[in-house]
1. I'd like to check something: does the range 97-113 contain any residue that is in a loop (DSSP other than H, G, I, E, B), closer than 17 Å to THR28 by Cα, among the hydrophobic types (A, V, I, L, M, F, W, C) and in contact with a Ser or Thr (Cβ under 8 Å, 6 or more places away or on another chain)?
2. All but one of (1) touching a Ser or Thr at 6+ places or on another chain (Cβ under 9 Å); (2) crowded, with 16+ Cβ neighbours inside 10 Å; (3) more than 30 Å from ASN196 (Cβ to Cβ) hold for TYR120; which doesn't?
3. Taking the range 185-226 only, how many residues are open to solvent by 10 Å² or more (accessible area, probe 1.4 Å) and among the aliphatic types (A, V, I, L, M)?
4. Would you tally the residues in the range 227-274 being touching a Gly at 6+ places or on another chain (Cβ under 6 Å), of a type in the set (Val, Ile, Thr) and modelled with pLDDT under 65?
5. Do we have any residue at all in the range 136-146 that's among the hydrophobic types (A, V, I, L, M, F, W, C), in contact with a Cys (Cβ under 7 Å, 6 or more places away or on another chain) and part of a strand (DSSP E or B)?
6. So which residues in the range 147-171 are assigned to a loop (DSSP other than H, G, I, E, B) and more than 23 Å from PHE17 (Cβ to Cβ)?
7. Taking only the range 27-49 into account, find how many residues are open to solvent by 40 Å² or more (accessible area, probe 1.4 Å) and not in a strand (DSSP E or B).
Amino acid sequence: MIDTAPAIADPAPVCLFAFNRPDHTTRTLQALAASPLAAQTYLIAYLDGPRCKEEGPLVAETRKVIEAQTGFASVTLHARDANAGLARSIQDGVTATMQAYGKAIVVEDDIVTSPAFLTYMNRALDRYQDDPRVWHIAGFNEDLPALLDRRGAIFWRFMNCWGWASWADRWQHFERDPDKLVQQFSDNDILRLNLNGAEDLWGQVLGNLRGDIRTWAIFWYATIFKQDGLCLSPCRSFVENIGLDGSGTHCGPIDEQRPKELCQDFDLPLPNDVAEDIGALEALRAHFSYRPDRLTRLRRKFRRLKKRFWGDRGHLKPGDVA
């Protein structure tokens, strides 16, 4: 069963989190502005401050990019003088926007979206607003062969933060407390969080506990998980991450990066059955578990570490759990 939502009367604001990459920010904003809903959408940008004197010009240039952006109902900029780091910026900015508007769509400065992205996100926000089982709307998905021939979206436990949305009554439960998670999570919880062993997502909690990293998305995933919440993901991605090009401070380029063919479906069918799609979850597990040989395994592990663990140290996409 599918549902087609009515016209969108009250689009959610878009939170943009930016730092020191003016070219990436330009591409992100241009893609969002190409949406038919952009003219009805409030853009609220949160610009982190430089970590050192040398980063000042890049941050200033990024600010100019945001201030010059047109095509939205309004553009509001909140700029920090000092560097807070991505985890703090996300938590503060999303919380402030949620409190003001009750919902928000969140992107970072290396997310390029399909023109249909805002329509999909708003339709899903409207469709599942009053369903307490749904906690998160994702715009990105891996290119999973089992899903690429399907038109629509699926529910599963997995949270992806490369272009996402939620509501204030869900986000209010967000808590970044690795000590508490270690005390609360059983071995079985950890296994399920790790997609039954396909990924070591729990390792991010432990990395935050040790102070090796400071990230945020693993804690949003854990918050949803503790509530038995579900995340909606499109079968075909509306989002491409352009930040895996070596522009992150601690990250070299990823040689497997290829342009994604983004979904252009403005009337994507949304599921009425709010339950985890076991077949889709198994396809995701197979995608993460694929190990053709030891060398490839080690190289992929290293790349995942680069993509997911540096967090705000390099402002490479916290694909914390993506």
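1. Filtering the range 97-113 for residues in a loop (DSSP other than H, G, I, E, B) gives 102, 109-110.
From what is left, the residues that are closer than 17 Å to THR28 by Cα are 109-110.
Cutting the leftovers down to among the hydrophobic types (A, V, I, L, M, F, W, C) gives us none.
Looking for residues that are in a loop (DSSP other than H, G, I, E, B), closer than 17 Å to THR28 by Cα, among the hydrophobic types (A, V, I, L, M, F, W, C) and in contact with a Ser or Thr (Cβ under 8 Å, 6 or more places away or on another chain), one finds none in the range 97-113, hence no.
2. (3)
3. Within the range 185-226, residues that are open to solvent by 10 Å² or more (accessible area, probe 1.4 Å) and among the aliphatic types (A, V, I, L, M) number 5.
4. Residues in the range 227-274 being touching a Gly at 6+ places or on another chain (Cβ under 6 Å), of a type in the set (Val, Ile, Thr) and modelled with pLDDT under 65: 1 in total.
5. Yes, because at least one residue in the range 136-146 is among the hydrophobic types (A, V, I, L, M, F, W, C), in contact with a Cys (Cβ under 7 Å, 6 or more places away or on another chain) and part of a strand (DSSP E or B).
6. ASP149, ARG150, ARG151, GLY152, ARG157 - these are the residues of the range 147-171 that are assigned to a loop (DSSP other than H, G, I, E, B) and more than 23 Å from PHE17 (Cβ to Cβ).
7. Filtering the range 27-49 for residues open to solvent by 40 Å² or more (accessible area, probe 1.4 Å) gives 27, 30, 34, 36, 39-40, 42.
Then keep just the ones that are not in a strand (DSSP E or B); that gives 27, 30, 34, 36, 39-40.
Total meeting the criteria: 6.
The values are calculated or read from the model by the stated rules, or taken from the named source; none is laboratory data. Every value quoted in this text rests on a predicted model; they were computed, and no experiment measured them. Because the Cβ atoms are built from the backbone with ideal geometry, glycine has one as well, and the counts that use them run over all protein chains shown. Ligands, DNA and RNA are stripped out before the accessible areas are found, and what is left, the full protein with its side chains, is counted by its heavy atoms. Shrake-Rupley method; radii C 1.70, N 1.55, O 1.52, S 1.80 Å.
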